[in-house]
Amino acid sequence: MKTIVLVALTSAVIAAGAADSLAQTAGSTVISVSKSEMRQVATGWSAKKQILGKDVYNDAGEKIGEVNDLIVAPNRSVSYAIIGVGGFLGMGDHEVAVPVGKFKQQMGKIVLHGATKEALKAAPKFEYAGK
């Protein structure tokens, strides 16, 4: 069982970035992942299907937020998840950045150990550059 939710996602993002570095000019043979890499990609976590928009829980099983976004650092690694807290249907969310290494996967849920909704609301608000 995977213990860190986004490690597989990180691998998928890195693999996607690697595909960029493997991309070749017209007439060459490889522009995507190889057949041997496809299994690794297919068994990884899908940001769209399994992470984005999914609820985040604490140790007590209480919903404390929702994954609104993932931030890919310039080195092509997924470094932060943007968690929306306290809003309703995406409106009025207090968004905070949480390092992906703090998340765990437990029984199909994304868990942020030691967190509470109040603690996340008290954290500095995340704002995208240029806002």
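Residue order for Val85, Val78, fewest other beta carbons within 10 angstrom first, comes to Val78, Val85.
Too long at a 22 Å Cα-Cα cut-off: which of Lys48/Lys117; Lys35/Lys102; Lys54/Lys102? Exceeds cut-off: Lys48/Lys117; Lys35/Lys102. Neighbour counting of Cβ atoms within 10 Å sorts the residues Arg76, Arg39, fewest neighbours leading, into Arg39, Arg76. In this simple spin-label approximation, Arg39 and Ala122 carry label points 7 Å from Cα along the Cα→Cβ vector, and these lie 4.9 nm apart.
Put in order of Cβ neighbour count within 10 Å, fewest first, the listed residues Asp55, Asp93 become Asp55, Asp93. Around the amide H of Leu70, modelled in the peptide plane, lie the amide H atoms of Ile82, all under 5 Å away and 5 or more residues distant in sequence or on another chain.
Bear in mind that the values in this text are calculations on the coordinates, not laboratory data. Computed from a predicted model, the values in this text were never measured in an experiment. All Cβ positions, glycine included, derive from the backbone under ideal geometry; neighbour counts span all protein chains shown.
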